[in-house]
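To start, the structure itself, in C-alpha cells.
We did not get these values from a lab; they are worked out from the coordinates using the rules stated. Values in this document were obtained by computation on a predicted structure and should not be read as measured data. Neighbour counts are summed over all protein chains in view; Cβ atoms, including those assigned to glycine, are modelled from backbone coordinates with ideal geometry.
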C-alpha cells in the first residue's frame, strides 16, 4: 500500500486549483504537484486528480489497463470511491490505454435539465505540448490555442467533436501525461 | 469471522479503548522502536453511532462521536489501521503501528501478554469501578397490575 498526499488539505486544494485553471483555459498545460507515489500505470497527475476529486459519492470506472489490484486498492483506501463496471454509471473514468477505450457516447453525458451530472474522463496520453499541433477554440480561449497530444488514436478527436455537438450535454476530458494536465471541456472545439 | 480476524478485532479494540497514556507507556516498552511510514496521517472526524432498541429493534441513530483514525505501513508491507475515540492523533498513530506489528504471529505471541492484556485488564477495572459507582443509585422499575381481567 502506498501513501496519499502528505498534507491532504492543502495539497488537494492546490490540485483543485490546478484543475480549475486548466478547465478555465482549455489547451493550457498545467503542471500538478505530484503525490508521493503512483500505483500501477497511473501518471502522477492522474493520481493527484483522483486524490483531490474522488470520494464516496463519485463512482469510478477504470479501463482494463488501469484496473490493477494495486490501483483499485489505492483508490478505495485513499478516496473511498466505488469502482463500477459499467461506464454509463461512472462520474469519473480513468483511461490508461486510450487506444482501447470504449466510445465516448457510452459515458454519462448528463441530462438537458442537469448537464452538470455528467462524467469526467481522465485520459492518459504519451505527452502534452502546447504551441503546435491541434487547433482549439471556444470559451476560455481568446482566438485559438495549439496543442500537441501524443499517444491518442485519430478517432478520438472525431469523437470529441461529436461530444461537442451534444452541448449542453456531454463529457469533459482531462488529458494527463506525467505531472502535466490539459483540460478539454465539452465547449472546446478541436480541429486536426 | 475467522480466528485471526477475531484476535485482531480484540487487540484493535483494546488499543482504541485504552487510555492514551497507557498506549504511550506500552509504546515506550517496545524494543527497538518500530520503523514505519504513514499511509494516512491521523485525522479527526465524526462517525454516527447507531443502535437498536434491545439489540434487536430497528436501527436508529444514537448520535455522532468524535473519532481519530490513522493508517501506517511497516517496511515489510504490513498495514495497520486504528480508529480511536477522541482527538488524540498520537494515540491513533501508536495504535495503528501496534496493529501492524501484532499481525506477525511471532510478534503477537511476544507482545500480546505484555501490551494488550494489561490494557484489557485496565479497561475492565475502569468499567467495574463505574458499575460500582452507579450501582448505589440504581432504581428498580416495575408496573402495578390493576387486575381488570
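Of the residues B:35, B:23, B:72, the one that moves most in a GNM of chain B with alpha-carbon contacts below 10 Å is B:35. Sorted fewest first by neighbouring Cβ atoms within 10 angstrom, A:67, B:117, B:105 come out as B:105, B:117, A:67. Relative contact order of chain A, taken over Cα pairs closer than 8 Å and 6 or more residues apart, is 24 percent. Rg and Dmax of the protein assembly as shown, both derived from C-alpha coordinates alone, stand at 26.6, 96 Å. Counted by neighbouring Cβ atoms within 10 Å, the residues B:91, B:81, A:43 run from fewest to most as B:81, A:43, B:91.
With a cut-off of 8 Å between alpha carbons and a minimum separation of six or more residues, what is the relative contact order of chain B in percent?
Working: 200 pairs, mean separation 33.6, N = 149.
Normalised by residue count, the contact order of chain B is 23 percent.
Under the shape rule built on the C-alpha gyration tensor, where the axes satisfy a ≥ b ≥ c, region A:8-187 is rounded, since a/c falls short of 1.5. Assuming a ≥ b ≥ c are the square roots of the Cα gyration tensor eigenvalues, decide whether region A:84-192 counts as rounded (a/c under 1.5), prolate (otherwise, with a/b larger than b/c) or oblate. Oblate is the answer for region A:84-192, as a/c is 1.5 or above yet b/c matches or exceeds a/b.
Between the helical axis of A:8-24 and the longest alpha-carbon principal axis of chain A there is an angle of about 10 degrees. Helix-only arithmetic for chain B: the sum of -39500 (n - 2.57) across DSSP H runs with n ≥ 4, divided by the residue total, places the mean residue ellipticity at 222 nm at -13500 deg cm²/dmol. In terms of packing, defined here as the mean over residues of other Cβ atoms within 10 angstrom, the peptides A:44-50, B:134-140 line up highest first as A:44-50, B:134-140. Once the Cα atoms are used to define both axes, helix A:44-53 deviates from the longest principal axis of chain A by about 80 degrees. Between region A:141-174 and region B:3-36, the C-alpha centres lie 54 angstrom from each other. Reducing region A:1-45 and region A:65-92 to their Cα centroids gives an inter-centroid distance of 17 Å. Each Cα pair under 8 Å and six or more residues apart adds its sequence gap; the mean of these over the residue count of region A:109-184 is a relative contact order of 39 percent.
One equal scatterer on each Cα of region B:3-131, no solvent, Debye formula: the resulting log10 I(q)/I(0) at q = 0.16, 0.20, 0.22 Å⁻¹ is -0.84, -1.19, -1.34. Taking A:175, A:20, A:54 in turn, the Gaussian network model of chain A (Cα-Cα springs below 10 Å) assigns the largest fluctuation to A:20.
What's the angle, to the nearest 10 degrees (0 to 90), between helix A:69-79's Cα axis and the longest principal axis of chain A? Once rounded, one gets 90 degrees. Partner shielding of A:4-11 amounts to 2, given as the average count of beta-carbon atoms from other chains within 10 Å of each residue beta-carbon. What shape does region A:57-121 have by the C-alpha gyration tensor, where a ≥ b ≥ c are the square roots of the eigenvalues, rounded means a/c under 1.5, and otherwise prolate means a/b greater than b/c and oblate the rest? In terms of gyration-tensor shape, oblate.
Listing A:155, B:27 from fewest to most neighbouring C-beta atoms within 10 Å gives A:155, B:27.
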